[in-house]
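Report on the structure given below.
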């Protein structure tokens, strides 16, 4: 039977935390410009926008006579002509929470321009019961009841297995059979118990993942995972990430529009695809 002492916490919304952003070493940029006999300053205070504009201008050494319109016009032209490589120099660090293992299986497929560090189920106890419920199930009381029953039983099985395995591995013979030292310490036994017990946890299990990505990679993520055909949970995450990025860097991400979809999420669209 399910463990009634551990209530299931149901999550339906992702958490997006902006943990880090770039800084511009202004003195070094000015030194470079002086060494090459030019004077230039971007009109934006957003470091990633300064960095991407600088990278683009280095390609043609176009610091001396910049076109009018400032950084917004410059990056708008970059997107228009598809010179996306310079966008790879703008980088952000995010922490996503309240997302399912199902979502992160899709997220980590974004390899180029991304870095990932995810919560370990081997080291971290999953007895704190948090699960992400799809909106289409949550909206239907009967389907919700079926879903909740399933994750509750799976969670209870995990707790029972983790406790039983931990006790079993205290026996030197059992520890040796599991390729552990016969006198394995508690931390080692818990890790071995959890890595086996996690096999019963569903894709709905909540996880946390630290993500570093550049502007070009993020645009690809927004376009592919913010599409109407994308999986709804990751489309919801893409929309939340866009909200942060448009506040952070309107000149790099302000071209995206959120188009309402019947399920309450938004499709993310832009006139500058695959930059």
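The values are calculated or read from the model by the stated rules, or taken from the named source; none is laboratory data. No experiment lies behind these values; they were computed from the predicted model shown. Cβ atoms come from the backbone with ideal geometry, glycine included; neighbour counts cover every protein chain shown.
Within region 236-251, the set of residues being surrounded by fewer than 21 Cβ atoms within 10 Å (Cβ to Cβ) and touching a helix residue (DSSP H, G or I) at 6+ places or on another chain (Cβ under 7 Å) comprises just one member, 246.
Based on this model, can you work out whether residue 161 counts as at pLDDT below 95, over 16 Å from residue 9 (Cβ atoms) and surrounded by 15 or more Cβ atoms within 10 Å (Cβ to Cβ)? When the stated conditions are applied, residue 161 does not pass them. Just name the residue that is farthest from residue 206 (Cα to Cα) out of those in region 118-146 that are touching a residue at least 40 places away in the same chain (Cβ under 8 Å) and assigned to a helix (DSSP H, G or I). Per the stated criteria, the residue is 136.
Of the residues in region 128-143, how many are more than 30 Å from residue 218 (Cα to Cα) and loosely packed, with under 15 Cβ neighbours inside 10 Å?
Taking region 128-143 as the starting set, the residues that turn out to be more than 30 Å from residue 218 (Cα to Cα) are 128-129, 139-143.
Those left that are additionally loosely packed, with under 15 Cβ neighbours inside 10 Å: 128, 139-143.
Count: 6.
With the structure loaded, tell me whether residue 87 is modelled with pLDDT of 95 or more and touching a helix residue (DSSP H, G or I) at 6+ places or on another chain (Cβ under 8 Å) or whether it fails that test. So residue 87 fits the description; yes. For region 164-175, enumerate the residues that are at pLDDT 95 or above and buried (at least 19 other Cβ atoms within 10 Å of the Cβ). Residue satisfying the conditions is 165 alone.
Taking region 105-127 as the range and being touching a strand residue (DSSP E or B) at 6+ places or on another chain (Cβ under 6 Å) and over 27 Å from residue 49 (Cβ atoms) as the test, the residues that pass are 108, 118, 119. Selection of strands (runs of 3 or more DSSP E) fully inside region 199-275 by the criterion of at least 2 residues being closer than 16 Å to residue 109 by Cα and touching a strand residue (DSSP E or B) at 6+ places or on another chain (Cβ under 6 Å) returns 206-214.
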